[in-house]
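**Q** Following this message is one structure expressed as structure tokens.
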Amino acid sequence: MLCHFRVWGKILYNWTSANYYRSNYAPYGETFFKRSTGRFSDGRLASDFIAEFAKLPYIAPYLQPGYNQFTDGANFASAGAGALAETNKPGNLIDLKAQLSYFTNLEGQLIQKLGDAEAKALLSRAVYLIAIGSNDYAVAVSGNSSAQPEEYINIVNGNLTFVIREIYKKGGRKFGIPNLEPMGCLPSAKAVNPSNTSACFQALNDLTQLHNKALSEVLQKLANELVGFKYSLPDAYTSLTDKINNPSKYGFKEANIACCGSGPFRGTNSCGGKRLSNKYELCENVSEYVFFDGGHTTEKANEDLAKLMWSGTPDTTGPYNLKALFEL
């Protein structure tokens, strides 16, 4: 069983309309699914590849109408949402604690379907993927938070810790929580970089690195406190940084400009038929690009991250990789 909270990827600097947080139109999804599926990429996300590696079906959204086959897992992801309820509000988003409430509903559904003992055993065997925080820090750097960096990081990780503890109380023991990627190097961040250069937005990267350090400490503390708590902490930051700095090493040709979008670095999130004035550029060969749009990586880059998460060595995913967690 695989439970997925939040999306893999980021949306930066745009939170004025709920409609922004959709990708249910071309050219999203066309590389693999041949249609848009709501995924912010040209194809599969890292979580899709993880499901493949675990020999599970693609995990359906919990709120998908008419779907109730949750013994394989559930997807509570909400594009644009954060660990904090106020991130990117107003908007039709589901923040992390609200996602937890849906998980509580799922627990009740499983108990009703399977009985108390079997449901608890299933929740204990499950692996919980949580990728959160990117939108919170994008909002903070844009000037929408008065909190000091350390204080803000503590609040974000405090909400994450609360959710982990609640899942643990319900039987969850195995968690995959990648650290945040170098958000200041996303095309959308470079496009609004106050330095007006092609360099990464360093203030955002600095905040991301502070978060990642604190996240590592938080997870280690939980492992010391909670009996049976196991976790994987894939180093998404280093993984994407190396792709950006050495794209040819991974089979890419372009790591600064997005495949789809407009403006500098194609970093303006205009990709697709329902954004802004519908004017956007689209690359000819998406497999050559690290980024599909201003804030999200391509299927090819997603697969590379998923492989790291699944079978990476302890220095890149430690103390466990996801394969080990599924086998426990």
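**Q** Does residue 280 satisfy the condition of being more than 16 Å from residue 182 (Cβ to Cβ) and at pLDDT 95 or above? Give the derivation first.
**A** Numbers: more than 16 Å from residue 182 (Cβ to Cβ): yes; at pLDDT 95 or above: no.
Judged against the criteria, residue 280 is not a match.
**Q** Let me ask something else. Any idea which residue in the stretch 146-164 is farthest from residue 221 (Cα to Cα), counting only those that are more than 20 Å from the chain's Cα centre (by Cα) and free of Cβ contacts under 8 Å to residues at least 24 places away in the same chain?
**A** Of the residues in the stretch 146-164, the ones more than 20 Å from the chain's Cα centre (by Cα) are 146-151.
Narrowing further to those that are free of Cβ contacts under 8 Å to residues at least 24 places away in the same chain: 146-148, 151.
Details: 146: 28, 147: 24, 148: 23, 151: 18 Å.
Filtering the stretch 146-164 for residues that are more than 20 Å from the chain's Cα centre (by Cα) and free of Cβ contacts under 8 Å to residues at least 24 places away in the same chain, the one farthest from residue 221 (Cα to Cα) comes out as 146.
**Q** Can I ask one more? If residue 287 meets every condition in (1) at pLDDT 95 or above; (2) surrounded by fewer than 14 Cβ atoms within 10 Å (Cβ to Cβ); (3) in contact with a Phe, Trp or Tyr (Cβ under 9 Å, 6 or more places away or on another chain) apart from one, which number is that one?
**A** Residue 287 satisfies all of (1) at pLDDT 95 or above; (2) surrounded by fewer than 14 Cβ atoms within 10 Å (Cβ to Cβ); (3) in contact with a Phe, Trp or Tyr (Cβ under 9 Å, 6 or more places away or on another chain) except (2).
**Q** Further, regarding this structure: I'd like to know if the stretch 159-166 contains one or more residues that are part of a helix (DSSP H, G or I), open to solvent by less than 10 Å² (accessible area, probe 1.4 Å), among the polar types (S, T, N, Q) and under 26 Å from residue 324 (Cβ atoms).
**A** Within the stretch 159-166, the first condition is being part of a helix (DSSP H, G or I), and the residues that meet it are 159-166.
If we keep only those that are open to solvent by less than 10 Å² (accessible area, probe 1.4 Å) too, we end up with 160, 163-164.
Still in the list and also among the polar types (S, T, N, Q): none.
No, the stretch 159-166 contains no residue that is part of a helix (DSSP H, G or I), open to solvent by less than 10 Å² (accessible area, probe 1.4 Å), among the polar types (S, T, N, Q) and under 26 Å from residue 324 (Cβ atoms).
**Q** For the stretch 283-307, name all the residues that are in a helix (DSSP H, G or I), in contact with a helix residue (DSSP H, G or I) (Cβ under 7 Å, 6 or more places away or on another chain) and within 18 Å of residue 248 (Cα to Cα).
**A** 287, 300, 301, 302, 303, 304, 305
**Q** Specify which of the listed residues (48, 116, 136) is modelled with pLDDT of 90 or more and more than 20 Å from residue 295 (Cα to Cα). Don't jump to the end; show me each part of the working.
**A** Details: 48 fails: more than 20 Å from residue 295 (Cα to Cα); 136 fails: more than 20 Å from residue 295 (Cα to Cα).
The match here is 116.
**Q** Does any residue in the stretch 252-268 that is without any contact (Cβ under 8 Å) to a residue 24 or more places away in the chain and open to solvent by less than 40 Å² (accessible area, probe 1.4 Å) come within less than 8 Å, Cβ to Cβ, of a residue that is outside any loop (DSSP other than H, G, I, E, B) and charged (D, E, K, R) six or more places away or on a different chain, and which pairs are these?
**A** If the second residue must be outside any loop (DSSP other than H, G, I, E, B) and charged (D, E, K, R), the pairs left are 262/281.
**Q** Between a residue in the stretch 284-296 that is more than 11 Å from residue 256 (Cα to Cα) and any residue that is open to solvent by 10 Å² or more (accessible area, probe 1.4 Å) and of a type in the set (Lys, Arg), which pairs come within a Cβ distance under 6 Å, given they are 6 or more apart or on different chains?
**A** 287/300; 288/253; 295/10
**Q** Looking at the stretch 182-211, which of its residues are touching a residue at least 12 places away in the same chain (Cβ under 8 Å), open to solvent by less than 20 Å² (accessible area, probe 1.4 Å) and of a type outside the set (A, V, I, L, M, F, W, C)?
**A** Listed by number, the residues that qualify are 182, 184, 187, 188, 190, 205, 208, 211.
**Q** Across the stretch 308-328, what is the number of residues that are in contact with a strand residue (DSSP E or B) (Cβ under 7 Å, 6 or more places away or on another chain) and assigned to a loop (DSSP other than H, G, I, E, B)?
**A** 3
**Q** A further question on this structure: Can you find even one residue in the stretch 66-77 that is open to solvent by 60 Å² or more (accessible area, probe 1.4 Å), in contact (Cβ under 8 Å) with a residue 12 or more places away in the chain and under 29 Å from residue 323 (Cβ atoms)?
**A** We begin by selecting, within the stretch 66-77, every residue open to solvent by 60 Å² or more (accessible area, probe 1.4 Å); these are 66-69.
The next check asks that each one be in contact (Cβ under 8 Å) with a residue 12 or more places away in the chain; those that pass are 68.
Subsequent filtering for residues that are under 29 Å from residue 323 (Cβ atoms) retains 68.
Yes, because at least one residue in the stretch 66-77 is open to solvent by 60 Å² or more (accessible area, probe 1.4 Å), in contact (Cβ under 8 Å) with a residue 12 or more places away in the chain and under 29 Å from residue 323 (Cβ atoms).
**Q** Would you mention how many residues in the stretch 212-250 are part of a helix (DSSP H, G or I), among the aromatic types (Phe, Trp, Tyr) and either loosely packed, with under 13 Cβ neighbours inside 10 Å or under 20 Å from the mean Cα position of the chain (by Cα) (or both)?
**A** Taking the stretch 212-250 as the starting set, the residues that turn out to be part of a helix (DSSP H, G or I) are 212-225, 236-245, 247-250.
Among the residues that remain, those that are also among the aromatic types (Phe, Trp, Tyr) are: 237, 250.
Imposing the further condition that a residue be either loosely packed, with under 13 Cβ neighbours inside 10 Å or under 20 Å from the mean Cα position of the chain (by Cα) (or both) reduces the set to 237.
So the count comes out to 1.
**Q** Between 120, 55, 97, which is basic (Lys, Arg), open to solvent by 10 Å² or more (accessible area, probe 1.4 Å) and assigned to a loop (DSSP other than H, G, I, E, B)? Break it down stepwise before answering.
**A** Details: 120 fails: assigned to a loop (DSSP other than H, G, I, E, B); 97 fails: assigned to a loop (DSSP other than H, G, I, E, B).
The conditions single out 55.
The values are calculated or read from the model by the stated rules, or taken from the named source; none is laboratory data. A quick note: this is a predicted structure, and the numbers were derived from the prediction, not measured. So basically every Cβ, Gly included, is an ideal-geometry build from the backbone, and we count neighbours across all protein chains shown. Remember, those area values only see protein heavy atoms, side chains included, never the ligands or the DNA or RNA. Shrake-Rupley method; radii C 1.70, N 1.55, O 1.52, S 1.80 Å.
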